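Let me begin by presenting the structure, written as C-alpha cells, before commenting on it.
Every number here is computed from the coordinates shown, using simple stated rules; none is lab data. From a predicted model like this one, the values you see are computed outputs, not experimental measurements. Heads up, the Cβs are rebuilt from the backbone with ideal geometry, glycines too, and the neighbour counts pull from every protein chain shown.
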Amino acid sequence: MEIKPIDGPFGCVVHGLDVGAGVDAETCRELHQALYDNRVLVIKDQVCDEAPYLAFGRQWGAPIPHVIDTSRMAGFPEMMEVGNTSPRAKDELKRNSAAFWHTDQSYDADPATSTMLYARKIPDVGGETRVIDMKAAYDDLDAGTKQRIEGMNAMHLYGATAGRDGEAPTAQLNENQAAEVPATPHALVRAHTVTGERALYGVAGTAIGIEGMGKEDGEALIAELKAHCVQDKYIYEHKYEIGDIAMWDTQMTLHSAKPIDAPSGPGTERLLWRISVRGKPAVYQ
Ligand SMILES: [Fe+2]
C-alpha cells in the first residue's frame, strides 16, 4: 500500500490496497491516521461487492441507516445509493439533495465521523464532490473572531438552510422522519473525537442559529463564518474515477455535491454507494 498527497490543497490518495480482500487492523490504523492528517482519502481501483465494502465501513465506526428510509439500499439498509440512476433520482430534489454545503448527520446529537462513497458509475462530465478543510479555515480566523465564537453552540435542523445562498434546495422530511431529528446543538468550534484537534463545525447546511442569540444575529454570524470557509483556498474538488472509494473526515470538513442532470445516454450515469459512520474506529475503542 502506498499513500501519497492528492492533487489539490489537501487530501491523500491510496494505491495498492484491495478493500474487497479485507483490511487488517494495522493497515486500517494507517488509513485512519492518513484520513485524520489529510481530511480526505481516496482509495483507487477498487472492485468490491456490497458485503465486503460494508465490512470495511464498519472498521471506521457504526454505519448509520439514513433518516430518509426510502433511500436505503435493498438488503443493505446502512448503505445508500447516491447519484442519478435510481427511480427515486428522477425527482430533481432527491437527485441533488446533497448539492449544498453541509456535513453528514450534523442534525443528529451523535453526528457522522466519516463518510465514504464508492464510485460504481461516473459520468464523463460533472458529478464531482467538493470538500472544505474546516481546520484550516478555523486556524486562519483572526484572534478576535476566535475569541468571539469560543464556547458558542449552533442549533442544527435537517434541511433547514438548503436553498440559501443560491444552493440547491433539498427534499424535506415527512412527519415521522422529522420527529426523529429535532433541532440539536453542536459547538461552533468542535474538538475531533479521536485527535482532539479543533475546527469550525457545520457552519452551513443545517445550522439555523446560535444558542442564546437572536435569530438575525445568529444567522448573520453563521453566514459570516460560512463565507470565510467557502473560499477556494480551503476547497478540494474530487473528480471520481470508477473504482474510487473517496472518504472524508466529517468532523473536520464540509462537503457539497455538484448538481447533475438525469441520465441521458452513455457516459451520463452516476452511481455511488454511500456509507456514513458514527463513533470511533474499532482500533481506538
Ligand atoms: Fe453529505
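Close amide H contacts of residue 153 (hydrogens built in the peptide plane, cut-off under 5 Å, sequence separation of 5 or more or a different chain): 188, 211. The chymotrypsin sites (Phe, Trp or Tyr not before Pro) of the range 116-173 include none that DSSP puts in a loop with a beta carbon having at most 15 other beta carbons within 10 Å.
Annotation: amide H of residue 85 within the under-5 Å range of 270, sequence separation 5 or more or interchain, hydrogens built in the peptide plane. Couplings 3J(HN,Hα) for the range 166-175, derived from phi with the Karplus relation 6.51 cos²θ - 1.76 cosθ + 1.60 (θ = phi - 60°), are x, 7, 5, x, 10, 4, 8, 6, 7, 4 Hz, where x marks Gly and Pro.
Size of the range 12-100 from its Cα atoms: along the principal axes, largest to smallest, the extents are 42, 28, 23 Å. Sequentially through the range 82-92, phi angles give Karplus couplings (6.51, -1.76, 1.60; θ = phi - 60°) of 10, x, 10, 9, 7, x, 4, 6, 5, 6, 4 Hz, Gly and Pro residues having no value and appearing as x. In the chain, the DSSP beta bridges split such that about 95 percent are antiparallel, to the nearest 5. In sequence order, the range 40-54 has phi-based couplings of 10, 9, 10, 9, 8, 6, 8, 10, 7, 7, 4, 5, x, 5, 5 Hz under the Karplus curve 6.51 cos²θ - 1.76 cosθ + 1.60, θ = phi - 60°, and Gly or Pro positions carry x.
In the range 54-201, the C-alpha radius of gyration followed by the widest Cα-Cα span (Dmax) gives 16.8, 51 angstrom.
By the scheme Lys and Arg +1, Asp and Glu -1, what is the net charge of all other residues having a beta-carbon under 12 Å from that of residue 278?
That works out to -2.
Using the Cβ-Cβ distance between residue 139 and residue 26 with R0 set to 30 Å, the FRET efficiency works out to roughly 0.45.
Which net charge results for the neighbourhood of residue 188, defined as the other residues with beta-carbon distances under 14 angstrom from its beta-carbon, given Lys and Arg at +1 and Asp and Glu at -1? Charge balance in the 14 Å sphere: +1. What whole number of Å gives the distance from the Cα centroid of the range 170-239 to the Cα centroid of the range 106-121? The distance from the Cα centre of the range 106-121 to that of the range 170-239 comes to 15 Å. For residue 79, the amide hydrogen comes within under 5 Å of the amide hydrogens of 73, counting only partners 5 or more places away or on other chains and with H modelled in the peptide plane. In this label model, residue 15 and residue 37 are separated by 1.8 nm, measuring between points 7 Å along each Cα→Cβ vector.
Distance between the 7 Å Cα→Cβ label points at residue 175 and residue 195: 4.5 nm. The simple spin-label model puts a point 7 Å past each Cα toward its Cβ; for residue 211 and residue 258 those points are separated by 3.8 nm. Ranked from largest, the principal axis spans of the Cα set of the range 44-93 equal 33, 26, 18 Å.
Here the alpha carbons of the chain define both size measures, Rg and Dmax, at 18.0, 53 Å.
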